[in-house]
1. Can you go through B:Gly210, B:Gly177, B:Gly206 and tell me which one is at pLDDT below 90, crowded, with 24+ Cβ neighbours inside 10 Å and either among the charged types (D, E, K, R) or under 25 Å from B:Phe116 (Cβ atoms) (or both)?
2. Any residue in segment B:87-100 that is facing chain A (nearest Cβ under 7 Å) and in contact (Cβ under 8 Å) with a residue 40 or more places away in the chain sitting within a Cβ distance under 8 Å of a residue that is assigned to a strand (DSSP E or B) and surrounded by fewer than 18 Cβ atoms within 10 Å (Cβ to Cβ)? List the pairs, counting only those 6 or more apart or interchain.
3. Suppose the filter is β-branched (Val, Ile, Thr), over 21 Å from the mean Cα position of the chain (by Cα) and more than 7 Å from chain A (Cβ to nearest Cβ); does B:Val53 pass it?
4. Test B:Gly195 against the criterion of being among the small types (Gly, Ala, Ser), at negative phi and more than 9 Å from chain A (Cβ to nearest Cβ), and give yes or no.
5. Go through (1) more than 16 Å from A:Ser129 (Cβ to Cβ); (2) free of Cβ contacts under 8 Å to residues at least 24 places away in the same chain; (3) surrounded by fewer than 17 Cβ atoms within 10 Å (Cβ to Cβ) one by one and return the number of the condition A:Thr161 breaks.
6. Considering only segment B:226-235, I want to know if a residue exists there that is free of Cβ contacts under 8 Å to residues at least 12 places away in the same chain, closer than 28 Å to A:Thr204 by Cβ and within 16 Å of the chain's Cα centre (by Cα).
7. If only one of A:Ala171, A:Ala202 is modelled with pLDDT of 85 or more, within 19 Å of B:Leu46 (Cβ to Cβ) and in a helix (DSSP H, G or I), which one is it?
8. Can you pull out every residue in segment B:125-148 that is touching a helix residue (DSSP H, G or I) at 6+ places or on another chain (Cβ under 8 Å) and either more than 7 Å from chain A (Cβ to nearest Cβ) or not small (Gly, Ala, Ser) (or both)?
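The values are calculated or read from the model by the stated rules, or taken from the named source; none is laboratory data. Please read these numbers as outputs of a predicted model, since none were measured by experiment. Here the Cβ is made from the backbone with ideal geometry for all residues, glycine too, and neighbour counts use every protein chain on show.
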Amino acid sequence: MLRTFGSLVRAVALALLVSPLSLVAQTGNGSDVTGPATTGSTTAGGAFVPSPTAPTPVPIPPAGGVPGLSIVVPAQVAPLVTALTTAGPLPVGSVPGLILVTISPEVGSLVVQLAANTSPTAAAQITTSLSQQLSVGANASVSAAINTLLANMGGVLANPTPANIAQAVNALNQLVSGAPAGYLASPPPALQATLLLLNGLAATVR
Amino acid sequence: MTYRSRRPGRRTHWLLLALGALAAQAVVAVAARAQETPPNLNADSLRALYTIVLPPGFADRSAFSRTLPATNASTPSGFGAAWGDAFMGGGYQRNTRASVPGGPLGRNDGAVVAGFGLGNRRVLAAEVAFTSFSTFRSGFFTRTGVSYKLHRQFSSGWGLAAGTETAFVINEKGDGGSANYVALSRVFTRSQNTGRPGSSIGITVGAGDGRFRSLADVRANRKTIGVFGAVSARLTDAAGVVADWNGQDLTLSVGLVPFRCMPLSITPGITDVTRNAGNRPRMMLGMGMGVNPREFRARLRDCF
């Protein structure tokens, strides 16, 4: 930050050298400069001030054979996405009372890449992860709910409109309502990562 | 008769110690399991934990949050336009400051501005603004100034800028001169609920020459540096308040963003509040819009 400050100061100094009016004094009542600031974007209010929904680039490391890349997410969920895809601390308080299982960066990256619509293979890998703790043959409806969830998760981070977020959330709620208690008591990490991500996205609209 | 001691023997002593250790371990184990096993972990509780409840009408809401109300009124901020951004606006003063100390206030006055951004605000961006200091009396663009600002936004939410107001004049000179400055800004988001008072707090601190000098230094033509700053607070989703010191006097303003779908900012205020520079407080008004055209089209589609 200090180096950037120095660069900016040097830029201003250069401007002083080339500006023919750098030494022109304010004259009279200075009416041009004693009212609202009209020499820049100040009159536009907070249009260019950081906001929770401002697009923010986040690097995603490679995972499960899927190459790493950079994606753009709403600023408010950028810390969550970074935490899901690295070994960083997860926001436990974002879903009060939720006892977090260990979400590896690989699983987090797969969920994020599915949501960012950047990996065609992420869905298959997450299907395996979400289905692994279901009893074989006893949960056909839950398996169908998993497929619906993955279909609605695809791209929700790339295009986080309220309508898309609501569709993905409804699919998650459908899975949760039909899943056996044992599945939820010891959930797959991909399910918790999905819950955290959708909860974070929903909060950007509230 | 031989008196025998009633104190426990060595064997009993060690037995009691072992029992105590076992009891302590049992207590710790129970406590640990209590921490690991949340209470009321039945099926309904688990489903409640994993279910996301959306408020009514969620799916129909706009994808875009309302633009933040103004964080500055008479001072520059550390944030600015970048590549793809454009802005336009104007300022109005009901009376200009007195031409002589203690004299009568001047007439009303206004200016209009338009500009655009270049570069990446997370690396280095440049904002360029064209201001017509003449409007109706002299005709638009008979006194035109060109200003610029170099700025960078950091991932932590800080914005740092350095610029020159009215670096160049295209035609007739105005009475404001130019001013070089540096500004550091930050907006603190204290609550995601933008309807709550104080959900966002903005601060700006800066220094510059030109109009940011004290009025005494301006009149004496002393080449000094003045300090400016601003504090803003969002009160509701559509309104906030701003107090800024421009190096000469204090301005108190209200920032309004009346429309969710259109990033129009309206900032009425009172300047020269402390009479440190002017001899009377004066009413002023700023109004403008800052947009990224692609986002603006999507915003309009989303709202209509």
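1. Going through B:Gly210, B:Gly177, B:Gly206 in turn, the sole match is B:Gly177.
2. Short answer, once both residue conditions are applied: B:Phe87/B:Ala114; B:Gly89/B:Ala114; B:Gln93/B:Met283.
3. Yes, satisfied.
4. Considered against the rule, which asks whether it is among the small types (Gly, Ala, Ser), at negative phi and more than 9 Å from chain A (Cβ to nearest Cβ), B:Gly195 comes out as yes.
5. (3)
6. Looking for residues that are free of Cβ contacts under 8 Å to residues at least 12 places away in the same chain, closer than 28 Å to A:Thr204 by Cβ and within 16 Å of the chain's Cα centre (by Cα), one finds none in segment B:226-235, hence no.
7. Going through A:Ala171, A:Ala202 in turn, the sole match is A:Ala171.
8. B:Glu127, B:Tyr148
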